[in-house]
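Only one structure is covered here, and it is reproduced in the block below.
The values are calculated or read from the model by the stated rules, or taken from the named source; none is laboratory data. From a predicted model like this one, the values you see are computed outputs, not experimental measurements. Neighbour counts run over all protein chains shown; Cβ positions are idealised from the backbone, glycine included. Areas reflect the complete protein model, heavy atoms only, side chains present, ligands, DNA and RNA absent. Shrake-Rupley method; radii C 1.70, N 1.55, O 1.52, S 1.80 Å.
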Amino acid sequence: PSSVPGLSGLVAQMLKEGTTKRSSAALAEEIEFLGADLWASSDEENTYVGIRVLAEQFDEAMGLLAEVAGKPGFKTSELTKLKKRELDRLALAEREPQYIARRTFYRELYGENHPYGTVDTNVEAVERVSRQDMVKWHKKHFVGRNSFLVVVGDVEPAKVEAAAKSTFGKWKAGEAAQPSYGQPPKPAARNIVVVDRPGSVQSVIYIGNLGITRSDPDWIPSIVANQVLGGSAASRLFMDLREKRSLTYGAYSTIGERVELGPFVAYASVRTEVTKEAVGAFMEHLDVIVKEQASAEELSNAKRYLSDSFPLQVDTPGKLAELLVQLRTFGLPDDYWDSYRKSIRATDGAEALRAAQDVIRPNEALVVIVGQAADFAESLQTYGPVTAVSY
């Protein structure tokens, strides 16, 4: 919520700090006794609670999972400890230019009223958050119709169903959460935001725009196009900005996976004195990727990289679970991953170009640069109006 940004992440951390039945220490002891691994986290779409354990201890693990997810203690003493940890973490993060750039980029791209515009909590929220805030948020969101359970391992479906009924069966059905929020801004021109960080010897550059949803039919052609542009160390951005021009240790691009419009973003860290040249190089490549089809060799290499690296995403139960989570989160068909590699290999140059044109819009790009503004801000007016802000 706007009053306590990052609340879902704070709740996730508290889930591991004890339940109504066990203290934080007792819970940690039980997890260690089982030789298990318990985690809780939150991202742009979901809050997760997970446990990894030997298949022979499946029933015990399910009981613990249901207890942690459904009966958190939210003890005031643990909340006090969490607040101290979070304030220390935020104090360190505020010194990191990468963190500042990411926070600024998403806030400017989505606006302060859209949940994707908040990438972290803040000091005010941590100081303000109460136990009651957490209890209220948990009660609303941790209900049957707002949840799904994924199990991967050497265990029969019937056993999973029986365990789910005995452990999660007492959860209230509730309703799926339907948050309300504003729409992200729709820029008509390129916008450059410089976050002044005096004394910086490097500039962190983020360039991008709103792209497509993860469920969009053009998702696969778009990631093929992005692979040509900046998906790996063999892509155009890396080979030019690092290998040819020696401007950076690495330059990449990515398309964010979101239920709603995700971000396209290209990024790099460069020496302060080459900031303008690096921005110009990015713009050159963004212009080309939406105007010309990739060469046959580039397209073949991109498709081979994406297709041949996919087995690395299915080689452990945990990775398989992540793929199943994506099916449910993004509303993908159950057989989506069965045809994934085939779809990549079938993408041709025309499809990749059309997808790039839909996803990448250089003339409407948001450019965020964190660095010593006095050294480069004025020169960037070549690419559009520049707004300088302090961090």
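Just a few scattered comments:
- Search result, residues across the stretch 204-218 that are open to solvent by less than 10 Å² (accessible area, probe 1.4 Å) and farther than 15 Å from I289 by Cβ: V204, I205, R214
- Top-ranked residue of the stretch 19-36 - restricted to ones that are of a type in the set (D, E) and open to solvent by 60 Å² or more (accessible area, probe 1.4 Å), ranked as nearest to the chain's Cα centre (by Cα): E32
- In the stretch 1-18, of all residues being surrounded by fewer than 19 Cβ atoms within 10 Å (Cβ to Cβ) and hydroxyl-bearing (S, T, Y), the one that is modelled with the highest pLDDT corresponds to S3.
- Inter-residue pairs, beta-carbon under 6 Å, first within 20 Å of G73 (Cβ to Cβ) and in the stretch 139-156, second open to solvent by 50 Å² or more (accessible area, probe 1.4 Å) and not polar (S, T, N, Q), 6+ apart: V143/K172
- Among residues of the stretch 330-373, those that are touching a residue at least 60 places away in the same chain (Cβ under 8 Å) and of a type outside the set (S, T, N, Q), counted: 25
- Scope the stretch 272-291; condition under 17 Å from D375 (Cβ atoms) and without any contact (Cβ under 8 Å) to a residue 60 or more places away in the chain; matching residues: V274, E277
- Reported count of residues in the stretch 235-255, each being touching a residue at least 24 places away in the same chain (Cβ under 8 Å) and open to solvent by 10 Å² or more (accessible area, probe 1.4 Å), is 6.
- Hits in the stretch 173-198 - residues which are charged (D, E, K, R) and either more than 24 Å from L327 (Cα to Cα) or surrounded by 13 or more Cβ atoms within 10 Å (Cβ to Cβ) (or both): K186, R190, D196, R197
- The stretch 96-112 - residue that is open to solvent by 60 Å² or more (accessible area, probe 1.4 Å) and among the basic types (K, R) and, of those, farthest from S200 (Cα to Cα): R107
- Comparison of A66, A55 shows that the only residue that is touching a residue at least 60 places away in the same chain (Cβ under 8 Å), surrounded by fewer than 16 Cβ atoms within 10 Å (Cβ to Cβ) and closer than 22 Å to S166 by Cβ is A55.
- Selection within the stretch 9-45: residues that are touching a Phe, Trp or Tyr at 6+ places or on another chain (Cβ under 7 Å) and in a helix (DSSP H, G or I). The member of this set that is nearest to E124 (Cα to Cα) is V11.
- If you go through the stretch 1-56 and keep only what is of a type in the set (D, E, K, R) and under 19 Å from K81 (Cβ atoms), you end up with K16, E17, R22, E29.
- Residues being open to solvent by less than 30 Å² (accessible area, probe 1.4 Å) and under 19 Å from T20 (Cβ atoms) - total across the stretch 113-168: 3
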